[in-house]
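> This is the structure I want to talk about, given as structure tokens.
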Amino acid sequence: SHDINTPKLIKVKGRLLDLSKPKVMGILNVTPDSFYDGGKFTQRAAIIRQARKMLQDGADIIDIGGQSTRPNAKSVSEKAELKRVLPAVQDILEKIPDAVLSIDTWYSEVAGRCIEAGAGMVNDVSAGKIDRNMYQTIGKLNIPYVLMHMKGTPQTMQKAPRLIVTGK
């Protein structure tokens, strides 16, 4: 039997995070068209300021995304996404070296380059379905991987969405 009080630990950047209690993940979108923050955090100083504020407000992890996943958003290329998120990772870690950063990406190269720069985990809304190299990359990097579900793509996710109720 498993004791529910046993810590559930994951290793992120050499640090153990205890997931037996919920953790707060702050979302930092470095996109010009974000539905969440309206693209406010595209300048370096503002990105660092917001990361610091999230950590002071209690965030355990900062999730950096360079691709809008709002409904009907156009996807950006791997190269364009990398150009947005890699400098953000570098800038934040230069000023806040102990920050735990997650990269919100479905591109394996973005994941790999940002992990090399010091990010600690990957959050993939495509569950590895957009870039078939993602699982291999995550395996080689041996890092925590948040595998999420998405109906279709941001361009199609609002076409005939249905609520399926099971049970009684």
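The values are calculated or read from the model by the stated rules, or taken from the named source; none is laboratory data. Just so we're clear, the structure is a prediction, and the values are computed from it rather than from any experiment. Heads up, the Cβs are rebuilt from the backbone with ideal geometry, glycines too, and the neighbour counts pull from every protein chain shown. Side chains included, ligands, DNA and RNA excluded: accessible areas come from the protein's heavy atoms. Shrake-Rupley method; radii C 1.70, N 1.55, O 1.52, S 1.80 Å.
> Can Glu81 be described as over 16 Å from Arg52 (Cα atoms) and either open to solvent by 10 Å² or more (accessible area, probe 1.4 Å) or of a type outside the set (Lys, Arg) (or both)?
So Glu81 fits the description; yes.
> How about segment 132-161: which of its residues are at pLDDT 65 or above, assigned to a loop (DSSP other than H, G, I, E, B) and on the phi < 0 side of the Ramachandran plot?
Arg132, Asn133, Ile143, Pro144, Met148, His149
> So which residues in segment 80-111 are in a loop (DSSP other than H, G, I, E, B) and polar (S, T, N, Q), if there are any at all?
Thr105
> What residue, of Arg113, Arg84, Arg52, Arg70, is modelled with pLDDT of 95 or more, out of contact with any Lys or Arg (no Cβ under 8 Å at 6 or more places or on another chain) and not hydrophobic (A, V, I, L, M, F, W, C)?
Arg113
> Let me ask you something else. Out of all the residues in segment 111-129, which are more than 17 Å from Leu28 (Cβ to Cβ) and surrounded by 17 or more Cβ atoms within 10 Å (Cβ to Cβ)?
Of everything in segment 111-129, those that are more than 17 Å from Leu28 (Cβ to Cβ) and surrounded by 17 or more Cβ atoms within 10 Å (Cβ to Cβ) turn out to be Gly112, Arg113, Ser126, Gly128.
> Here is a follow-up. From the list Ile10, Ile92, Ile47, which one is at pLDDT 95 or above and open to solvent by less than 90 Å² (accessible area, probe 1.4 Å)?
Within the list Ile10, Ile92, Ile47, the selection yields Ile92.
> Which of the residues spanning segment 97-110 are more than 14 Å from Val12 (Cβ to Cβ) and open to solvent by less than 20 Å² (accessible area, probe 1.4 Å)?
Thr105, Trp106, Ser108, Val110
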